[in-house]
1. For the range 399-471, list log₁₀ I(q)/I(0) at each q in 0.20, 0.23 Å⁻¹, using the Debye formula over Cα point scatterers of equal strength and ignoring solvent, two decimals each.
2. Heavy-atom accessible area per residue, the chain, 1.4 Å probe: how many Å²?
3. How large, in percent, is the carbon and sulfur part of the accessible surface of the range 168-268 at a probe radius of 1.4 Å?
4. At 0.36 nm per residue, minus the direct Cα-Cα distance, what do Arg555 and Glu94 gain on full extension? Give it in nm, one decimal, please.
5. Return the whole-Å distance between the Cα centroid of the range 419-497 and the Cα centroid of the range 540-568.
6. Restricting to Cα pairs below 8 Å that are 6+ residues apart, what does the relative contact order work out to for the chain? Please round to a whole percent.
7. Angle, helix 493-507 long axis vs. longest principal axis of the chain, Cα atoms, 0 to 90°, nearest 10?
8. So what are the range 76-117's ellipsoid semi-axes, whole angstrom, largest first, if each one is the square root of 5 times an eigenvalue of the alpha-carbon gyration tensor?
Amino acid sequence: MQLSETARKSRLLAGAAAALLLLAPAFGQEAWRFATDSRVVAFADVHGAYDSLVELLRATGVVDADVRWTAGTAHVVSLGDLLDRGAETRAVMELVMRLEREASAAGGALHVVLGNHELMTLLGDWRYAAPADYESFAADESEAMRADAYAAFAADAGGDSTTTAAQFARTYPRGYFARQAAFAPTGRYGEWLRSLPALVVVNDTVYVHGGLPPVVAQEGLAINDRVHATLARYLALRDRLVARGVLPSFDRQRDVATAEAAPAEAERDEFLALAAAPELGLDGPLWYRGSVYCKPMLEQPTLDATLERLGVARAVVGHTPTEDRRARSLYGGKLLTLDTGMLVDYYRGRPAALVIEDKKLTVRYAAPPASASLEDGRTVAYARTDAALRAALERGAVVSVQRAAAPEPWQVVVQDGDTAIGAAFYPERNDGASNSELAAAALDDLLGTDLVAPTVMRTIDGQEGALQLRYPDAVSEQERVSRRLPFSGWCPLEPQLELVRAFDVLTLNRGRTAATVFFQNDLTDLTLVGHAQAFASDTALPASVGDLPLPAALREALRALDARRLDAALGAWLDTRQIEALLARRDQLIGGPRRRGAN
């Protein structure tokens, strides 16, 4: 029997992973766990912003006026992404590598975890390298180095020599090949980067660049050995494929595409399998955004399991810039987000460091210097939390109203301070949309499903109704399909769809269409509108509804519903029969009486 290409690669990768852990240097989980009575300082995502980093390190007492380690026995943690986008990547690298040595000599430590941009650089993905970054290596690039590279490029490209020379000059700016040598596996920076872990634990806190995906919950700190092993084998195979002429020697940026076009054979296949290894991809700790982006009901079980596996109280992450450029506390302090946009020219943020001293957590900002507490809660849109958005919708000045005939809502703009917030207004009509949208939002809050946009009661132009947020970056499923837009992949789609199916069955919403399902946050986070046809009084589920998979957290939230809680939360918009019918459907969803309707 022949395996499919996907199954064959999966089997190959599984076998390779087991072998890799035997070949790689095993540091052991305790090598990445540290205990200290001194203070801990963490910063995230420098992206070549040398001056901002120095200002922040001075503000936190890590370095003195001469940029020398002055923090004694403190432990300082870089959350990765020292590289790319900014002009002074090389200066940042030199500074951090020097401070690492100085910290060790003083009895302290500077820990650096890998970010996705360090990984990209090691793998030859240089899309985000700044022109000034190449220029910083120009003096190290000899004419012989460029000549050798050009000879290999010309042989590979063929064609007219004048055209080839011009293309070479455009593609490979001065300094390119010296930079490539420095970040090669045995180069000054490449060798150091290869030694870095994906995560470290200091006292009761784990520090990781991207987030805590399921693979970390499964493996704990052993994920570091797995990342090292996969990366080492990938780079070793690349050298072998270069020696055999399968991959080009002068450029690493086309490795995967070139390998995919090459004839299938064992080393080429293993190379491609490792390129798709989950520990190095979107589902690995260097790239994962689910901890920050995705629905808490779906993410919290993974976060809790990972923290328990690691034996820590919290995680600190970078990678995903906070919308308001403030360090934030999520999940009741279990997850702290520290990427506040240190590369100010690009992100319009400010440098920030987390300081933990005597078990007290403080955020130290630079430019201008200030100390503050962590902001609490996830920003939903317009750099505001759900509670702040509700307050804005309730009290903000209505500055624009575009009326529409039923069943379409009015389009409204609410001014809150300097921010114009888009919203949809459902006036009270015979279609019941106003009450249904308010009830759906209240039920969503009660369950914690995070599906319905913030919705409040409001009177506009003399009419009462429901005012519902419209996310500024949202795209409907109808529009996504018509424009052929791909999903970003940050948040898995199927678990979200399971929540939608359960919510629509519970509310008996017969009006769900592709036009009432929206995606936000890079087409990753699903949200719902359109509940005018929900909350009928039918007690039986439709005959077409089979057994629906329910996340454990949703099942628990459904069990907690009762008539008293529902009446308190939804009684202003639903009558007793509707609430009783909702509870009857709930019973069937979680495994109670399985009556089915004929519709």
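The values are calculated or read from the model by the stated rules, or taken from the named source; none is laboratory data. Owing to the predicted nature of the structure, the values given are computational and were not obtained by experimental measurement. Neighbour counts run over all protein chains shown; Cβ positions are idealised from the backbone, glycine included. All accessible areas refer to the heavy atoms of the entire protein, side chains included, with ligands and DNA or RNA removed. Shrake-Rupley method; radii C 1.70, N 1.55, O 1.52, S 1.80 Å.
1. Normalising to I(0) and taking log10 leaves -0.83, -1.03.
2. Here the residues of the chain average 42 Å² of exposed surface.
3. Carbon plus sulfur share of accessible area: 52 percent.
4. Working it through step by step, the gained length comes to 160.8 nm.
5. 21 Å
6. The normalised contact order for the chain reaches 12 percent.
7. With both axes taken from Cα atoms, the answer is about 10 degrees.
8. Over the Cα atoms of the range 76-117, the ellipsoid semi-axes are 20, 12, 5 Å.
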